[in-house]
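Structure first, commentary second.
The values are calculated or read from the model by the stated rules, or taken from the named source; none is laboratory data. Since we're looking at a predicted model, the values are computed, not measured. Neighbour counts are summed over all protein chains in view; Cβ atoms, including those assigned to glycine, are modelled from backbone coordinates with ideal geometry. All accessible areas refer to the heavy atoms of the entire protein, side chains included, with ligands and DNA or RNA removed. Shrake-Rupley method; radii C 1.70, N 1.55, O 1.52, S 1.80 Å.
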Amino acid sequence: MSCFRRAVFLAASLLLLLGGPLGGAGAAEVNVYTTREAGLLRPLTDLFTERTGIQVRTVFVQGGLAERLESEGRRSPADVAIVVDVGNLMELVDRGLTQPVESAALEAAIPAGLRDAQGRWFALSTRARAIYASRERVPEGEAQGLTYEALAEPRWRGKVCVRSGQHPYNTALFSILMIQHGEAWLRDYLTRLKANLARRAAGGDREVARDILAGVCDVGLANTYYAGLMLSGRGGEEQKRWGEAVRVVMPAGGTAVNISAGAVARNAPNRAEAVRLLEFMASPEAQTLYANGNFENPVRPGTPTNPIVESFGALTPREVSMAEVAARRAAVSRIVDEVGFDR
Amino acid sequence: MRGVRVPLHLLAAAGVAVVALPVLALLAAAARGSGDLWPHLIRHVLPGAAVETLLLLAGVGAVVVGVGTGTAWLVACHRFPGRRVLSAALVLPLALPAYVSAYAWLDVLHPAGPVQSGLRALLAPLEMGPLPMPEIRSLPGCVTVMGSVLYPYVYLPARAAFLAQGAELVQAGRGLGAGGFRLFRSIALPLAWPAVAAGASLALLEALNDVGAAEFLGVRTLTVSVYVTWITRSSLAGAAQVALAILVLVAGLLALESWARARLRGRGAGREGAVPVLRTLSPLAGWLAALSCLIPVLLGFLIPAAYLAWAAWGRVAAFGPPRELGAWIGNSATLSAAATLLTLPAALALAMAARGEALPDRRPVLGRALLRAGRLGYALPGGLVAVGLVVAFGALDGLTEDWARPLPALSGTASALVAAYFVRFLAIPAGGLDAGYAGIRPQLDWSARAMGAGPGRILARVHLPLLAPSLLAAALLVFLDTMKELPATLLLRPFDRETLATALYAEAARGTYEEGAVAALALVAAGLPVIALLVLGGRPPGGQPGLSARG
């Protein structure tokens, strides 16, 4: 049955062709798994290669990064993991997929609260979850006094927009509120916040700005960098109008801050290069690029924030430990279900 | 075909084994236990998700069957203005992934978007206040978006079936005084029903597995809750358990469908070379028919694609085309071609094994079971297939590390990704070829054998030519589906290997929509030649219908 043999042969050779080792030997390289979109990291990795001659290969993975690292085990090519959201980060750490790193450069560059005491992770930027308020319908004085807690008050009934309560940005914020106010309070808060929603909790953060522009709602929860991106005009004129419709409010009583972070993978074949990449990411030059690329806040003290982000006001984070925030994620997710936040 | 039974079954079983890999890995994950997650899921998550899923499937099912058969009946059996163009254009929504359509429609219909702004500007002098507009971020919105891109799954086989019914039956019906709708309801539709059911089941599985469009439009389906359980509730075990429970349900439904189809076998048999007789519609009815066929094309393709083109134009005019566009297209095309080339032989083996010896009294039990098992991957969410394969390939690599050192690791290579496509989409050619075989009468085999032809010769000279339209249609559908696939591609692709779908997703996830619009438009554009082939392949000179998912 030559036809079958041919088919089997074709299949086998294709598999071999596709399965063959992809990396070329020789030049020093470092492999990055990231939940950050590649376009954002490229300027940084290009600069790193230019400075050090080390080639950087990246793959942007969303959902399943931990599974991929874990399953690849000893044979994993991954050297560095760069992730957003402290919950995703801690999942890697808790599953033992990262390894401790001792680096004077990293310790000097990143404040103690923004890195692991054992060197298993290092924050590379902070991401502030702010309140967006309509410039047209919410008076400035009132907007500047807004807090997360106040959004659940009856006066905002039918006027709040927010993405899914199960999204990591929201679970992290709710975890911070839970640490500060307790579980029963959070349950009540989410019930009241849900009652204030103008539409289903869905879509993304930038929809909050667009919906405010369109009059669907007056206030909402969204990260600051979305407003930065919109106002920069990088997304086009249309999005600039969305950004201009909202006032980005750093909530009174402190802002909930999440992080993007880097870690050296447990089985990193190129450990030295991995540490060099992280050290580079924390350097003043890279911090400026990294923070400006996505309008986040740099972690290295003294690094200037992007002027657009600067205009939103000073960032005073709510004082909570990142590890504690991550630890409450599962409990918060359950409460979100129980109050039917997304329904 | 005694001589080929063993290699045939081996090849078929090898295909099923690949499908089984992620399923087994997920079973292992599910067996790890998910603590006290289930009482919570049952109380707070699954009932609501099940209701939303059922409503979504009922809605999408009604839309795809209604639109798919209705338009197919119109273009296959009637003469009206624009019929030829519409007959081809009705396939176009296949090029548009549901999540892209959802993004585009939200932009178009948003209160701050072009439609509502335009209306407001028009009506401003009347001072009517805010206009009540349908909210797309809702279940009905989601049904409309999904139904309008998925109906071609029914349209194609239904049109093929109507074309194959030929003149006699329809003439006979007309002779008995049946006209228009009655002819459709009492003769044409029952004859085409197996094809319609097969197409509808594909569409419903697509809708069930979608996560991008549903999540974006705020519809909490079971599949969305699988992802939330995995990612946010950090329980792969729980996610695997829910997914496997869904899989059992789907397997039951598929068994029911195949049982129903087996009972209907023969009813859908058309005649090769049948020539349909076109009924000329009155001018008014003709324009109404044209309009009825135009609306699905507008909703499912023209409006979202035009919007994408406009958004992409804005991006390119301001910043130039994305630098890596060529690489994205190349990667998408290579991966899709590899997936198609691997899927077809396995599907052919499955369909042949399921056909058995072409003897009326012998049901190929093993072959049918293999075929059914091979189709199961289509019912698994793409992201979970990917995780299952990540785990399975990781285990394989661990084995080769210990026992066969020189073998390269498979994890993180394109082979893992192609395997995921294989698992997800084997059902399409397997089902299509199975249906194609149903149209080949066993008498043909008997005559060929009587003339001394061996099994290889029968396959090459008799079966393959007859199966050519089914093969072509299946190949094109797999290619298209692979290009549009997102969740598995996101998780499994190798370093620096961006595809159109992942590039688009990366931009959309970050909110830089214009940049994503270029990739989305390229994705749609790359699908168009494939669709053109699909349309042309639908009516080769021999008059054989294309996606012959009948029987």
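Look through A:I259, A:I212, A:I308 and report the one residue that is of a type in the set (A, V, I, L, M, F, W, C), open to solvent by less than 30 Å² (accessible area, probe 1.4 Å) and either closer than 19 Å to A:L40 by Cα or under 17 Å from the mean Cα position of the chain (by Cα) (or both).
A:I259
State yes or no: is A:K240 assigned to a helix (DSSP H, G or I) and touching a residue at least 40 places away in the same chain (Cβ under 8 Å)?
no
Among the residues of region A:36-51, what is the count of those that are among the charged types (D, E, K, R), more than 10 Å from every other protein chain (Cβ to nearest Cβ) and either touching a residue at least 60 places away in the same chain (Cβ under 8 Å) or under 15 Å from A:L124 (Cα atoms) (or both)?
Total meeting the criteria: 1.
Please specify each residue of region B:462-485 satisfying the condition of being within 12 Å of chain A (Cβ to nearest Cβ) and open to solvent by 20 Å² or more (accessible area, probe 1.4 Å).
B:L464
Which of the residues spanning region A:160-174 are within 23 Å of B:S234 (Cβ to Cβ), open to solvent by less than 40 Å² (accessible area, probe 1.4 Å) and within 13 Å of another protein chain (Cβ to nearest Cβ)?
Within region A:160-174, A:V162, A:R163, A:S164, A:G165, A:Q166, A:P168, A:Y169, A:N170, A:T171, A:A172, A:F174 qualify.
Taking region B:25-38 as the region of interest, how many residues are assigned to a helix (DSSP H, G or I) and either buried (at least 18 other Cβ atoms within 10 Å of the Cβ) or within 11 Å of chain A (Cβ to nearest Cβ) (or both)?
The qualifying residues number 5.
Quick test for you: out of A:A314, A:A274, A:A330, pick the one residue that is open to solvent by 40 Å² or more (accessible area, probe 1.4 Å) and farther than 30 Å from B:T221 by Cα.
Within the list A:A314, A:A274, A:A330, the selection yields A:A314.
Quick check on my filter: what residues within region B:1-58 are among the hydroxyl-bearing types (S, T, Y) and at pLDDT 90 or above?
Of everything in region B:1-58, just one residue is among the hydroxyl-bearing types (S, T, Y) and at pLDDT 90 or above, namely B:T53.
Pull up region B:369-381, narrow it to residues that are modelled with pLDDT of 85 or more and out of contact with any Phe, Trp or Tyr (no Cβ under 8 Å at 6 or more places or on another chain), then point me to the one that is surrounded by the fewest Cβ atoms within 10 Å (Cβ to Cβ).
B:A369
Does at least one position in region A:175-191 carry a residue that is over 26 Å from B:Y505 (Cβ atoms), buried (at least 22 other Cβ atoms within 10 Å of the Cβ) and within 14 Å of chain B (Cβ to nearest Cβ)?
yes
How about region B:486-503: which of its residues are open to solvent by less than 10 Å² (accessible area, probe 1.4 Å) and more than 20 Å from the chain's Cα centre (by Cα)?
Of everything in region B:486-503, those that are open to solvent by less than 10 Å² (accessible area, probe 1.4 Å) and more than 20 Å from the chain's Cα centre (by Cα) turn out to be B:L491, B:L492, B:R493, B:P494, B:A503.
Which one is least open to solvent (accessible area, probe 1.4 Å) among residues in region A:47-94 that are in a loop (DSSP other than H, G, I, E, B) and out of contact with any strand residue (DSSP E or B) (no Cβ under 9 Å at 6 or more places or on another chain)?
A:G64
Cβ-Cβ below 6 Å, separation at least six or inter-chain, first residue in region A:62-74 and within 7 Å of chain B (Cβ to nearest Cβ), second surrounded by fewer than 24 Cβ atoms within 10 Å (Cβ to Cβ) and assigned to a loop (DSSP other than H, G, I, E, B): which pairs?
A:Q62/A:T35; A:R74/A:N267
Which count do you get for residues in region A:212-235 that are more than 7 Å from chain B (Cβ to nearest Cβ), in a helix (DSSP H, G or I) and in contact with a Lys or Arg (Cβ under 7 Å, 6 or more places away or on another chain)?
Matching residues across region A:212-235 total 3.
Where in region A:273-343 are there helices (runs of 4 or more DSSP H), lying fully within it, with 3 or more residues that are in contact (Cβ under 8 Å) with a residue 12 or more places away in the chain and under 22 Å from A:S164 (Cα atoms)?
A:322-327, A:329-338
Would you point out the residue of region A:192-207, among those that are within 11 Å of chain B (Cβ to nearest Cβ) and touching a residue at least 60 places away in the same chain (Cβ under 8 Å), that is most open to solvent (accessible area, probe 1.4 Å)?
Once the filter is applied, the top-ranked residue is A:R200.
Given the residues B:R424, B:R493, which is the only one that is touching a residue at least 12 places away in the same chain (Cβ under 8 Å) and in contact with a strand residue (DSSP E or B) (Cβ under 8 Å, 6 or more places away or on another chain)?
B:R493
Among the candidates B:P111, B:P134, which residue alone is assigned to a loop (DSSP other than H, G, I, E, B), surrounded by fewer than 18 Cβ atoms within 10 Å (Cβ to Cβ) and on the phi < 0 side of the Ramachandran plot?
B:P134
Note down all Cβ pairs under 8 Å where the first residue falls in region B:395-417 and is within 10 Å of another protein chain (Cβ to nearest Cβ), the second is open to solvent by 90 Å² or more (accessible area, probe 1.4 Å) and assigned to a helix (DSSP H, G or I), and they're at least six residues apart or on different chains.
Once the first residue is within 10 Å of another protein chain (Cβ to nearest Cβ) and sits in region B:395-417, its partners that are open to solvent by 90 Å² or more (accessible area, probe 1.4 Å) and assigned to a helix (DSSP H, G or I) give B:G398/A:R74; B:E401/A:R74.
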